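Scroll down for the structure; my scribbles are underneath it.
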Amino acid sequence: MARAMNSSLSKHAVDFINDEHLSSVLKCASPDPPRVREVIAKSLAKEPLQVEETATLLAADDPDLVEEIFEAARDLKKRVYGNRIVLFAPLYIGNECINDCRYCAFRRSNTGVVRRTLRTQELEDQLRALENKGHKRLILVFGEHPKYDADFMADCVRTTYRFKVGHGEIRRVNINAAPLDHEGYRKLKAAGIGTYQIFQETYHHETYAQMHPKGTRKSDYLWRLDGLSRAFEAGCDDVGLGALFGLYDWKFEVLGLVSHALHLQRTYGVGCHTISFPRLRPAHGVDTEWPYLVSDRDFKRLVAILRLSVPYTGMILTAREKPELRREVMAFGVSQIDAGSRVELGGYTEVGDAQIMEREQFLLGDIRSLDEVMRELLQDGYLPSFCTACYRLGRTGKHFMEFAIPGFIQNFCTPNAITTLTEYLVDYATPATREAGERAITREIRKLAETPQKAELLRRLRCIAETDQRDLYF
Ligand code: SAM
Ligand code: SF4
């Protein structure tokens, strides 16, 4: 299928992924320990790494060096993001799809999957369930289909912002969908979206062609690679990259992600807002052998190395992973996780705790409730946050980079995490989670210097506990 009529690439569109170059960099990188330490030191100084430097970390597989990389990633995460973890949930709107991606249950040749697009009423039912659990941030997920054009997506975004139950409201709507043209992104920007996510799936051209059969819209590698550049040009400066790990050599994909982030930084003066690193999961009707599946050990390495390569980029760990591994990897630099997630259409009201393969995109590894995940995070010393202040105050893209410096976190992120956590504890938490949360809040408040802002924060916390006032952010 050709590119849609009138659709044009971005102004500086170029296929900046040179497979041969990336493969040769991977072969050449020297795992010599002093060089590895030099690269780690650059990253700890919060400087983004170049492709060759990332390759040096990827080449280091001596257990002691790997441990040094893990330790550096933990350290950097603490220094850039503190102990906050932002929570969100995915909401699948429609799984009709004109593509035929080999790895996905929603591909068009899979006749065994139940096809469905939520009607407005059904969308509202899902929103009610999500808001009643305490969610404030969602990512809406769509297959690629003419039905799901920018107007349709923008309508879903507006419905989501409009729908409120009690103290429940969604304050940030992100999207994961097919790449759009400039006009499409402008429509979504006007509807108030947060991040637009597009995963390249694999940066390796030959594998990309095998996974996305010729003649399908997704087979156009450059249209997809250029998708977030068009988003930037249309004013969506908050974009998310990702690769589906398990399709090709994980080290190559890490270099692909880093190349992509550097390209955006060079071309638009801003890097990406987030990077996602989903691992391939079992899915209905997908029974292929996958020679490149990533082991848990390598998965930890890739998360730590990404953390070090893009110090100021948010990193998203999804519920595809099992609870134990999520817990471990979180310390390496993850800043956002989903919780209480369902990936079936209608999954938040219709399927209970079961996972029904014919209705979902892939099998999840962590189906615990939001409350359970919150409790574990609190008990592990994290500060769970539902903060949405930055994009609502225009602190996005370039502006965000200006703010994403030490001090900003202390002045804005931590107080906003504390107020949004307090809202959660007052409005939605079970008694055990509330108790763990109150202990965490006391601990966090003690760490804050005695400033007028702290006094204001304490006033706001009382306000939330004693009145109906909500959504108070710095
Ligand atoms: N349809 C849009 C697209 O392909 O860009 C966006 C939504 S798609 C439903 C979201 C992402 O799920 C895909 O980009 C892919 O990385 C991931 N995915 C697909 N099949 C998967 C599987 N079997 N295991 C894990 N993740 C999968
Ligand atoms: Fe469709 Fe996206 Fe699944 Fe590909 S990954 S089949 S585009 S829903």
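The values are calculated or read from the model by the stated rules, or taken from the named source; none is laboratory data. Since this is a predicted model, take the numbers as computed values, not measurements. Cβ atoms come from the backbone with ideal geometry, glycine included; neighbour counts cover every protein chain shown.
Structural remarks
- Subset of the stretch 34-54 (residues that are part of a loop (DSSP other than H, G, I, E, B), without any contact (Cβ under 8 Å) to a residue 60 or more places away in the chain and closer than 24 Å to residue 21 by Cβ): none
- Among the residues making up the stretch 209-221, those that are within 12 Å of ligand 2 (Cβ to nearest atom) and either assigned to a helix (DSSP H, G or I) or not assigned by TED's automatic domain parsing to the domain that holds residue 242 (or both) are 211, 217, 218, 219.
Let's see how each residue does on (1) without any contact (Cβ under 8 Å) to a residue 40 or more places away in the chain; (2) of a type in the set (Gly, Ala, Ser); (3) not in a helix (DSSP H, G or I):
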{"site": "426", "(1), (2), (3)": "yes, no, no"}
{"site": "440", "(1), (2), (3)": "no, yes, no"}
{"site": "444", "(1), (2), (3)": "no, no, no"}
{"site": "450", "(1), (2), (3)": "yes, no, yes"}
{"site": "454", "(1), (2), (3)": "yes, no, no"}
{"site": "459", "(1), (2), (3)": "yes, no, no"}
{"site": "462", "(1), (2), (3)": "yes, no, no"}
{"site": "465", "(1), (2), (3)": "no, yes, no"}
{"site": "469", "(1), (2), (3)": "yes, no, yes"}
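- Qualifying positions in the stretch 85-121 - away from ligand 1 (no atom under 14 Å from the Cβ) and under 21 Å from the mean Cα position of the chain (by Cα): 85, 86, 87, 88, 89
- Residue match in the stretch 262-283 (condition: within 13 Å of ligand 1 (Cβ to nearest atom) and more than 30 Å from residue 81 (Cβ to Cβ)): yes
- Candidate set from the stretch 55-102 (those that are of a type in the set (A, V, I, L, M) and outside any helix (DSSP H, G or I)); member that is nearest to residue 127 (Cα to Cα): 91
- The residues of the stretch 354-387 that are surrounded by fewer than 21 Cβ atoms within 10 Å (Cβ to Cβ), β-branched (Val, Ile, Thr) and in contact (Cβ under 8 Å) with a residue 40 or more places away in the chain amount to a single one, 367.
- Residues in the stretch 93-118 that are modelled with pLDDT of 95 or more, more than 7 Å from ligand 2 (Cβ to nearest atom) and either among the β-branched types (Val, Ile, Thr) or surrounded by 22 or more Cβ atoms within 10 Å (Cβ to Cβ) (or both): 93, 94, 98, 117.
- Entry remark, the stretch 164-208: residues being in a loop (DSSP other than H, G, I, E, B) and either within 14 Å of ligand 2 (Cβ to nearest atom) or over 30 Å from residue 134 (Cβ atoms) (or both) number 11 in total.
- The single condition from (1) within 16 Å of ligand 1 (Cβ to nearest atom); (2) part of a loop (DSSP other than H, G, I, E, B); (3) not acidic (Asp, Glu) that residue 10 fails is (1).
- Restricting attention to the stretch 171-223 and to residues that are of a type in the set (Val, Ile, Thr) and within 12 Å of ligand 1 (Cβ to nearest atom), the residue that is nearest to residue 156 (Cα to Cα) turns out to be 175.
- Meets criteria (modelled with pLDDT of 95 or more, farther than 22 Å from residue 343 by Cβ and assigned to a loop (DSSP other than H, G, I, E, B)) for residue 291: yes
- Residue in the stretch 339-353 that is within 17 Å of the chain's Cα centre (by Cα), crowded, with 22+ Cβ neighbours inside 10 Å and under 30 Å from residue 65 (Cα atoms) present: no
- Verdict on residue 402 being at pLDDT below 95, outside any loop (DSSP other than H, G, I, E, B) and in the same structural domain as residue 273 (by TED's automatic domain parsing): no
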